[in-house]
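Presented below is the structure to which this report refers.
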Amino acid sequence: MAYSAKIGPSILSSDLSCLGSECVRMMECGADYLHLDVMDGHFVPNLTFGHPMVECLRKSVGQDPFFDMHMMVSRPEQWVKPMAAAGANQYTFHIESTTNPGNLIKEIKESGMKVGLAIKPGTTVEELAPWANQIDMALVMTVEPGFGGQKFMEDMMPKVSWLRSQFPSLDIEVDGGVGPDTIHKCAEAGANMIVSGSAVIGSDDPRSVISLLRTVVAEAIQKRSLDR
């Protein structure tokens, strides 16, 4: 199996006035990557930040952290080149936001970034399936995108299980309400990339939370490989 357990704190949950140092703190606490939520006020009602912030963060934290850009925007085509130039590593767009996923996937790859494809809770996993062999990661949202702190939707787990059964080596990410209380369900379903916001960043001991999340996922991956 090609995939491994990776934990990505969602930096939107941090103190935004100290974003650079918060990113460094998360990496020092053992994060495997950083999950950056870009919202445009159109695709989702909330508004966050764009490529100028990403460029500043990249300069501040150096080349090491892997930036997973979660593009909750209505015109994802518009931001591919700016995000690549700003230092993004992976461009994760929503299938609901474009009429031509194939073109967008191609454009993202040509810009030197990895490709993530996300689905909202109301979107079936079958809509993502035709593109699964062309992308690096599938993101199954476990809350409605747009706001932090929502309750984890356990009924999204069959999507994860289906993807894992159909595409055994694909990176599968879950995002929304994931923490120590819900990680076992995500890991058992087959998710290996775990986005966690308040559960990690709001913790008194982020290092131990990240370690716990990773251990649960790694054990599930190992069990799955033994069961095959």
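Karplus-based coupling profile of region 52-66, in residue order and whole Hz: x, 5, 5, 4, 5, 4, 4, 5, 6, 9, x, 7, 5, x, 7, with θ = phi - 60° in 6.51 cos²θ - 1.76 cosθ + 1.60 and x standing for Gly or Pro. Cross-link partners for K159 among the aspartates and glutamates, with Cα-Cα distance under 14 Å and sequence neighbours closer than 8 places in the same chain left out: E126, E127, D171, E173, D175, E188. Computed on the Cα trace of region 169-228, the radius of gyration divided by the Kirkwood hydrodynamic radius gives Rg/Rh = 0.98. Normalising the average separation of contacting C-alpha pairs (under 8 angstrom, six or more residues apart) by the number of residues puts the relative contact order of the chain at 22 percent. Among C186, C18, the sequence by solvent-accessible area, most first, with a 1.4 Å probe is C18, C186. For the residue pairs K6/K81; K114/K223; K59/K106; K6/K106; K59/K114; K106/K151, the C-alpha atoms sit more than 32 angstrom apart in K106/K151. Derived value for region 1-48: Kirkwood hydrodynamic radius 12.2 Å. Basis is the mean of 1/r over every pair of different alpha-carbon atoms. Counting protein heavy atoms only, region 117-156 has 50 percent of its accessible area on carbon and sulfur, 1.4 angstrom probe. For L139, the residues 5 or more places off, or on other chains, whose built amide H falls under 5 Å of its own are L117, A118, I119, E173.
Note that region 159-175 has calculated 3J(HN,Hα) couplings of 4, 4, 4, 5, 4, 5, 6, 7, 10, x, 9, 6, 6, 10, 10, 10, 8 Hz, one per residue in order, obtained from phi through the Karplus relation 6.51 cos²θ - 1.76 cosθ + 1.60 (θ = phi - 60°); glycine and proline are x. Under the combined filter of DSSP loop state and at most 15 neighbouring Cβ atoms within 10 Å, region 139-200 retains these trypsin sites (Lys or Arg not before Pro): K151.
Treating each Cα of region 1-93 as one equal point scatterer and applying the Debye formula with no solvent, the log10 of I(q)/I(0) at q = 0.13, 0.16, 0.18, 0.24 Å⁻¹ comes out as -0.42, -0.63, -0.79, -1.30. Remark: relative contact order (region 1-100) = 25 percent; criterion is Cα-Cα distance under 8 angstrom and separation of 6 or more residues. For region 79-135, the relative contact order comes to 38 percent (Cα pairs under 8 Å, sequence separation of at least 6).
Return the Rg/Rh ratio of region 138-192 with Cα-based radii and a Kirkwood Rh.
Details: Rg = 10.6 Å, Rh = 11.1 Å.
Checking Rg against Rh, the ratio lands at 0.95.
State to the nearest 20 debye the size of the charge dipole of the chain about its Cα centre, where the only charges are +1 on K and R beta carbons and -1 on D and E beta carbons.
So the dipole magnitude of the chain works out to roughly 400 debye.
The values are calculated or read from the model by the stated rules, or taken from the named source; none is laboratory data. All values derive from a computational prediction rather than experimental measurement. Note that each Cβ is placed from the backbone with ideal geometry, even for glycine, and that neighbours are counted across all protein chains shown. Note: areas computed on protein heavy atoms with side chains; ligands, DNA, RNA excluded. Shrake-Rupley method; radii C 1.70, N 1.55, O 1.52, S 1.80 Å.
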